[in-house]
Amino acid sequence: MLELRQVGAAYGSSRVLFGVDLAIAEGEVVTLLGRNGMGKTTTVNAIMGLVSLTQGDISFRGTRISGLPAYKVARNGLALVPEGRQVFPNLTVEENLVATAANRGRAPSPWTLEAVYGLFPALATLARRSAGLLSGGEQQMLSIGRALMTNPRLLILDEATEGLAPRIRREIWDALVRIRERGQSVLVIDKNIDMLCRFADRHHILEKGRIVWSGSSQELMADEALRMRFLSA
Amino acid sequence: MQLLFVEQLLNGVQLGVILFLMAAGLTLTFGIMNLVNLAHGSLFMLGAYLGVTFALVTGSFVAGFVAAGLATFVIGLVLERLVIRHLYARSHLDQVMCTVGLVYVLNEATRMVFGPEPLHAPIPAFLAGSVELIPGAPYPAYRLAMIGAGLAIAGLLYVLIGRTRMGMLIRAGASNRVMTSVLGVNIGAIYAVVFGIGAALAGFAGYIAAPILTVYPGMGDNVLILALVVLVVGGMGSVKGAFVAALLVGVIDTIGRAYLKDLMALVLSPVAANTVAPALASMLIYILMAVILFFRPQGLIPAAGLRRPEAPPEASDHGPSGPGVLARWRVPAIGLLCGAFLLLPLVAGFADQPFWVDMGLRVIIFAIAALSLDLILGQTGLVSFGHALYLGIGAYVVGILADAGVESGFVQWPLAMGLSALLAAALSVVALRTSGTFFIMITLAFAQMMFYGASSLYDYGGDDGMHLAVRSTFGGLVDLYDSRQFYYLALALLVVLAGLNMRLARARFGTVLKGIRINERRMEAAGFPTFRYKLAACVLSAAVCGLAGAMLANAAEFVGPQYMDWTRSAELMIMVVAGGLATPFGAIIGALAYLGIEKYLSDLTIHWRLGFGALLILLVFLGRGGLSALFAPGPAGQPAPVLKGSFRWARPFFRPRA
C-alpha cells in the first residue's frame, strides 16, 4: 500500500536519508527500528510531506504522494501521531478530536467519537477539558484518537509510548492491539522491542539513513547479534 | 452632568465597538499567520467608500451594509492571494514595508476613483432620530444602532470562533500550523478565509462609522493606529483581549477628552488646565498603553496556547550574500557620489538653479536621519516604526527656542539632541521590554502619541505647525541664510556622522549590536547585558535624529506635527531598506533615491503615491539587500578586525552583572 523507493532527504546541507526502500502491505503492522539519529522520524516526515525529498519517490495505493503538500498527503489516507504528541493545547479534548475529523468511511471500519472514547475511556470524562491541561499519557491517547478520527488507511505512530509511566504504556499498547484487531494498517516507531515483536508483523532497521535489515518478529528475536549491533543503546 | 456622562460613556462604547471590529481582524491575522498588516486601515476605508456608494445607488442602507462586508471580503481574498500570502514567512520588517506599500496603493487608487473630496454618507431615515434611554437624555439612534450592530458582529465572531468547526480549525492552526496540515487541513485556505473575514470586519466598521466620520482617502489610517493600541493593550492574537481593550480604549479616550480639563482645573490654574488638558487627553490612551505594557508586556489577556513559529530574525536576510552585479563599479560609484555632493552648489551656481542646493540639503538631512535609524534598524535589528518622532522633537526644540528668543544654534542644536536622547531613554525603557511585532507597534504608538501631543500645542500652531521665526545663528561662524554655507555645514556633519557610524560598527559596541540582531539570546547567555546595548543604541540614534530634526526645521523654516506623522517614520524606514541595511552608504543612497523618486514621480503625476506604493511592494519581493547590495564587494577577503580598545569611557555601563 505504501512504497518508498530510494528515498533521500536532507535538512539544508546535512543529508539524513540515503536511499530508503520500504514497502507496507494493506492490513500489515510494520515497525521502523534504529538508534537515535538514524533517520526514523525523518522517514516519517518525508512520507507525510514535511520534508522534501532529494531523491526517490513515495507512492501510496498507486498514487505518487512525494512532492504533495502535507494536507494532500493526509487526505490520501495517512495519519501521523507525531513525536511529542502535539495536541492543540487551546482546544478542548473533544474539539481536538472533531476539528480535523473526516468521516468519509475510508478505513476498514470508520472511527467515530464513540469508538475513540470506547478505546480510551479516560478521554470521555475529559471531553470538555483544554487539551493543554492533560497529563502526558492523556495527551498521547488524544493524539492517537485525533489521528484515528481522520479515518486513515495507514496510521503512523512516532514514539507513541515514549516518556510515559509503565502503567500508561501498557494501556496504550492494549489500545494499539485493539486498533490492530480492527484491521488497521500501522507503521510504528518505538524502542520497546519485546512489545513490538508481539505487536508487529515485520520489522525494518534503519542505520545511517538506509534500511540495513528487514525481517519477521521471529527472525528479529532469534538474532541477538543483530539486535546488539543496531539496536542496543 | 450625570446625563451627559452617560452620553459620553455611550460615545466611548461606540468608539470601542468600531475599534474592536478593526482590532479583531488584526488580532486574528497576527495570532494565526503572525502577520503585521498595516493595510487594514485601507480596508476600513474601502468598506466605507464601497458601502456608501452602493447605498447611495440602491437607496438602501442595509444593502450598503451587505455590500461593504462582501466587497471587502473579496478584496481581502484577492490581496491575500496576490500579496499577503507571500509575506507569512518573511520578517516583520518586510511585512511592514510591503503593507505600507499596499496602503499607498489602495489609498491612492481610492483617490483616483472617488476623487479627493470627502464623500458624504447620510444617516438612514429610520435611524435619524434620537432615543431617550434615560428620561431627559436623548441619544442619537444611529449611534445606538452602531453599538448594537458592532456587538452583534462581535457575538457572531465569538460563535464562529468558539463554536464552529471552522473556528476550531482557526484556533488549531494558530497553535500548531504544521500539525493542522498534517491532519489533512489546507491551512493556506484557512489563512485566506481568516484574512477575508478580518477584511470584512474592517469593511463593516468603516461602513457603519462612515456617517459620523468623514469619508476620505486615508480615513482608515488613524483608526488603524488606535486599533494597534487596542491590540497591544489587549494582547496580540487574543480576540477576547481585543474586545476588552477596545472598550477600555474607546471609553478612556472619550471620557478623557470630555472631562480631563475639568478634572485638571481642580488642581491646576484654569489657564494651565486649558493648555495641558487637550494635549494630555489626546495622549491618554498611549500613556495607558505604556503603563499596561510596563507591568504586563504580554497585554491584558494574552492569547491562550499560541505557539507561533518564530519569525525569521529581523533583517537577517538582508545582508548581501555575494558581490553585487555592479561590484566592479563600487569605488567609482562612491567617488561619484562624494563628488556630486561636494560639487553640487558649484554646479547649481553655474546652471543657475539655486533650488538644487535646497534639494541637496534636504537629501543630506534625511540621509542623517536615515543613518540614525539604521543604527537600530539595520545594525541592531530593532524595527522602530516611530523614528520620525525625534525628527519632530528636534524641530520643535528649535522652533520653540527661536520663538522664545533663543536663537543660537550652539544652544538649540545640542538641546535638540539632548532632549531627543532623554525622551528616547524614557520611551525605550518601556518599548524594549517587548520585542518583535510588539516593538513595532509600540514605537509607532509612541510617535503617534507625541504627534497628537504636538498637534495640541495651540501656542505653537497646533495642527498647522508654525513658521520658524529665525534660523539658528552660530555667532557669525556659519550663516544658515546662505544656502551654500548651510549645505556644506550639513554635508560636513553627514561625513562626520557616517564616519562615526562606520567606526562604531567596527568597535565592540557595534559587534555586540550585530550579535543581538543575529541571536539576542545567545548574546545574553554569553554575558552581554543586551538590554543596555539596545538602550544605548536607541538613545544614540535618537540624538542624531534630533539633530536632523533641528536642521530640518531650519531648512524648511517650518515646524509642525507633520514631521512626526507615521508616514514620515515609514519614509525613513523605506530609505534605510531601499538603500541597504547596516551600511552608512545604504542610508545615504536610500535618502537620495527616495527623495529623487518622490520628486520625479510627483512631477510626473499627482497620483505618484500609487506608483510609489507599487515600487515599495516590488522592493520587498525583488530588492534583496537594497541598492547598496548592487555595489557590494562580496565576501572576499578577511572580515575587518574588531577594534577592541575603543570607547573605553563607556565601558562601565555595559559591564555584565556578576
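Please treat every number below as a calculation from the coordinates, not as lab data. This is a predicted model, so every value here is computed, not measured. A quick note on method: Cβ atoms are made from the backbone with ideal geometry, for glycine too, and the neighbour counts reach across all protein chains shown.
Estimated from helical segments only, the mean residue ellipticity of the protein assembly as shown at 222 nm is -20000 deg cm²/dmol, where each DSSP H run of four or more residues counts as -39500 (n - 2.57). Positive end of the dipole of the protein assembly as shown (Cβ unit charges, origin at the Cα centre): among B:Gly115, B:Tyr390, B:Thr99, the Cα lying farthest that way belongs to B:Thr99. Whole-percent P(r), region B:368-439, all Cα pairs, 5 Å bins from 0: 3, 15, 23, 23, 15, 10, 7, 4, 1. The mean sequence distance of close C-alpha pairs (under 8 Å, at least 6 residues apart), as a share of the length of chain B, puts its relative contact order at 20 percent. Normalising the Debye intensity of region A:2-230 to I(0), with uniform scatterers on Cα atoms only, and taking log10 at q = 0.18 Å⁻¹ returns -1.41. Averaged over the residues of peptide A:61-73, the number of Cβ atoms from other protein chains lying within 10 Å of each residue's Cβ is 2. Please grab the % of Cα pairs in the protein assembly as shown that end up more than 51 Å from each other. Result for the distance tail: 28 percent. Backbone amide hydrogens, once placed in the peptide plane, bring A:Leu33 within less than 5 Å of A:His204, A:Ile205, A:Leu206, excluding anything fewer than 5 places away on its chain. Starting from 0 in steps of 5 Å, tell me what percent of the Cα-Cα pairs of region B:2-228 lands in each bin. Each 5 Å bin holds this share of Cα pairs: 1, 7, 14, 18, 18, 15, 11, 7, 4, 2, 1, 0, 0. Placing unit charges on the Cβ atoms of the charged side chains and taking the dipole of the protein assembly as shown about its Cα centre, the candidate lying farthest along the positive direction among B:Thr254, B:Leu43, B:Ile212 is B:Leu43. If R0 is 41 Å, the Cβ-Cβ spacing of B:Thr567 and B:Arg163 corresponds to a FRET efficiency of close to 0.50.
Averaged over peptide A:92-98, the number of partner chain Cβ atoms lying within 10 Å of each residue's Cβ comes to 2. Our summary of shape: the Cα atoms of chain B have principal axis extents of 72, 65, 59 Å, ordered from largest down, in whole angstrom. Rounded to the nearest 5, the antiparallel percentage of DSSP beta bridges internal to the protein assembly as shown is 60%. Note on A:82-90: average number of Cβ atoms from other chains within 10 Å of each residue's Cβ is 5. Taking the convex hull of the alpha carbon positions in region B:343-465 and averaging its projected area over all directions gives 9.7 nm². For region B:330-654, the equivalent ellipsoid derived from the Cα gyration tensor has semi-axes of 29, 25, 21 Å, listed largest first.
Report the charge-dipole magnitude of chain B in Debye, nearest 20, computed about the Cα centre from +1 at each Lys and Arg Cβ and -1 at each Asp and Glu Cβ.
2780
Starting from one equal scatterer on each C-alpha and no solvent at all, send me the Debye-based log10 I(q)/I(0) for region A:10-76 at q = 0.25, 0.27 Å⁻¹, two decimals. Normalising to I(0) and taking log10 leaves -1.30, -1.42.
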